[in-house]
Amino acid sequence: MRHGKYRFLAGALIVPLTLYGAFVLSPYLQAFQLAFTNWNGVDSAPEFTGFDNFSKLWDDPLFLAGLRNNGLMLLVVPLAVIVLALALAAGTRGTRVYRVVYFFPQLLSVAIIAVLWQFVYTPNSGLLNGALSALGLDSWRQSWLAEPNLALWCVMAVMIWSSVGFYVVLFSAAMESVPGDIMEAAAIDGAGPMTVFRRITIPLIWESVQVGWIYLGIAALDGFALVQIMTVGPGGPDNSTEVMGLGLYRTAFTFGKFGYASAMGVAIFFLTLSIAVLLLRVTKRERVELA
Amino acid sequence: MRTKHAFLTLWAVLVTLPLLWALMSSFKTDAEIFDSPWTPPASPQFDNWSRAWEQASIGQYLFNTVIVVGGSLALTMLLGALTAYCLARYEFPGNRFLYYTLIAGMLFPVFLALVPLFFVVDNLGMLGTYHGLILVYAAYALPFTVFFLHGFFRSLPGAVAEAAFIDGASHAGVFFRVMLPMARPGMVSVGIFNFLGLWNQYLLPRVLNPDPDHYVISQGLAALAVSQGARSDWSGLFAGLVIAILPVLLAYVFFQRQIRAGLTSGALK
């Protein structure tokens, strides 16, 4: 190999590593430090307050509301998306045109999706109430985002709407790599389509499904953009759509409590990490090898 | 069979209906929008579109987005490929440490970094500037890009590079003339992945880009939804929404196969 290797390496790596260090690594590390202070962004020296911020989190009704709502999203959204996507992926075998259509929302910015659905849910001129009236279901009309019992479900519906298509494509690509003769053999042995799906297709594509659980689980702990743009307040009505990310954003950039907001960030980090590890454990299965 | 197709069609309708409805509404007058969500416009109001483009600054937002996304995408791809290549093909002390430090960036939620990041960018005087956003976008796209391309550069055969070295090529020459062209399929996949990710950013510009003249499209549209809503120029807002959707729709029509393959292969990595 030619000499000058280290000069080349240094020249190639200095810029990316500086960028990464300044904008990614150092903020992450600083967040852990700030979380133990009461810094408000003005005083030059932040005061060390130990675990005060973290114990405050447990008495903060807004943060607890966010925790509860993210928890509900975590229970509902990944399961709904995976079930729907598996069903649609199995159904679209051989008909690609559906997948092309289903995938499209994946390409839209979550901000654009939020604005679009805000219009859909608008009480008087929105698509949803209009559709209900057209179907003769006038009594079902609602001010969707203004009802504390409904608003969070409306947000979750949008999350599901926007993510199903991606997993349809992911799962159907995996399904296509399942050899047809295995399915045929099972069918000859008398297995019905449901049994083949449950006992053969699902185990063989499990790796993709596992990826889905983890991505969707992490996404369910976010929800910031949808809630911040779509809901009244945002986070309302009555904190019914509050999410942890919104609480952090507000605490930092509206109230200037940067130390406390960093503690929220640390809490969100540990929650995300635990959920990812937990989902990895729970969804772990013996890998099926095709000989 | 019947129920299967009914189910598939139902989901296709659920996906497309809100989009088609927004398109139709973008040609209606405000009065028509409030009158009935279903009826098509009596005569198409092209004026909505020009109003959204000029008065509501959608044109300006698109321009900002093209600059920020174009700049950060180019930077991410160059730096990401270079970093991945060095870490994948050169032995040096600290190689593993650097690789895992970079990859660790994918584990952390952006919310954790948000507060300190705001002050880092503020202290550099880069809040609300194009170059500030470009640098931050590139820094956050770097871990995944390096991770994806690292595997790719590893799998390339070494013989071609060795032959080039014997022919007297420099290290940089081998990277740019030999290895980078061989990594093209991987670059395309990760490039599509990054493009969409950067185009759709909302949280970072929301915090780091407070200057309305520099708003990117997702941020600008969300801001319009609040302010126009108050002034109730609904038709203009619908037009703005459709204009914001059109570029990705067009890209999808032309490159749909590559886009789906690029995004899903990124997820499985």
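Computed from the coordinates by the stated procedures, all read-outs in this text should not be read as laboratory data. For clarity, every value in this text was computed on a predicted model and none was experimentally measured. Neighbour counts are summed over all protein chains in view; Cβ atoms, including those assigned to glycine, are modelled from backbone coordinates with ideal geometry.
Per the helix-only calculation at 222 nm, which mean residue ellipticity applies to the protein assembly as shown, given -39500 (n - 2.57) for every DSSP H run of n ≥ 4 and division by its residues, nearest 500 deg cm²/dmol?
Dividing the helical sum by the residues of the protein assembly as shown leaves -22500 deg cm²/dmol.
Would you work out which of B:Val178, A:Ser162, B:Leu204 lies farthest towards the positive end of the dipole of the protein assembly as shown? Charges go on Cβ: Lys and Arg +1, Asp and Glu -1.
After comparing all options, I get B:Val178.
Residue-wise, which Karplus ³J(HN,Hα) couplings in Hz belong to segment A:218-227, taking 6.51 cos²θ - 1.76 cosθ + 1.60, θ = phi - 60°, and x for glycine or proline?
5, 5, 5, 7, 9, x, 4, 5, 4, 5
Can you list residues from other chains, or at least 5 along the same chain, whose modelled amide H is less than 5 Å from the amide H of A:Thr37?
Long-range HN contacts for A:Thr37: A:Thr49.
How large is ³J(HN,Hα), in whole Hz, for each residue of segment A:194-203 in order, when computed from phi with the Karplus curve 6.51 cos²θ - 1.76 cosθ + 1.60 and θ = phi - 60°, using x for Gly and Pro?
Values, residue by residue: 5, 5, 4, 4, 6, 8, 10, 4, 4, x Hz.
Kirkwood Rh over alpha-carbon pairs of chain A, then Stokes-Einstein at 25 °C and 0.890 mPa s: what D in µm² s⁻¹, rounded to an integer?
In µm²/s, the coefficient rounds to 109.
Output ³J(HN,Hα) for segment A:133-140: one whole-Hz value per residue in order, computed from phi by the Karplus curve 6.51 cos²θ - 1.76 cosθ + 1.60 with θ = phi - 60°, and x for Gly and Pro.
Per-residue couplings from phi come out as 5, 4, 8, x, 9, 4, 5, 8 Hz.
From Cα coordinates alone, what are the radius of gyration and Dmax values for segment B:52-122 in angstrom?
Reported Rg and Dmax, both Å: 17.9, 57.
Let me have the relative contact order for segment B:69-160, percent, based on Cα pairs under 8 Å that are six or more residues apart.
Values: 61 pairs, mean separation 52.3, N = 92.
So the answer I get is 57 percent.
What does the structure give for A:4-17 when I average, per residue, the other chain Cβ atoms found within 10 Å of the residue Cβ?
Mean number of neighbouring Cβ atoms from other chains: 6.
What does the charge count near B:Phe176 come to, summing +1 for each Lys or Arg and -1 for each Asp or Glu among other residues with Cβ under 14 Å from its Cβ?
Around B:Phe176, the surrounding residues sum to +3.
Using the Kirkwood radius over Cα pairs, work out the Stokes-Einstein diffusion coefficient for the protein assembly as shown at 25 °C and 0.890 mPa s, in µm²/s as a whole number.
96 µm²/s
Determine which lysines satisfy two conditions relative to A:Lys257: a Cα distance under 27 Å, and not lying fewer than 8 residues away in the same chain.
A:Lys56
Based only on the alpha carbon positions, what is the Kirkwood hydrodynamic radius of chain B, in angstrom?
21.5 Å
Compute the relative contact order of segment A:35-282 as a whole-number percentage, counting only Cα pairs closer than 8 Å that sit 6 or more residues apart in sequence.
32 percent
Quick one: putting +1 on the C-beta of Lys and Arg, -1 on the C-beta of Asp and Glu, what dipole do you get for the protein assembly as shown around its Cα centre, in Debye to the nearest 20?
Using only the charged Cβ atoms, the result is roughly 1480 debye.
If packing is taken as the mean number of other Cβ atoms within 10 Å per residue, what is the order of A:202-212, A:51-61, highest first?
The most tightly packed comes first, giving A:202-212, A:51-61.
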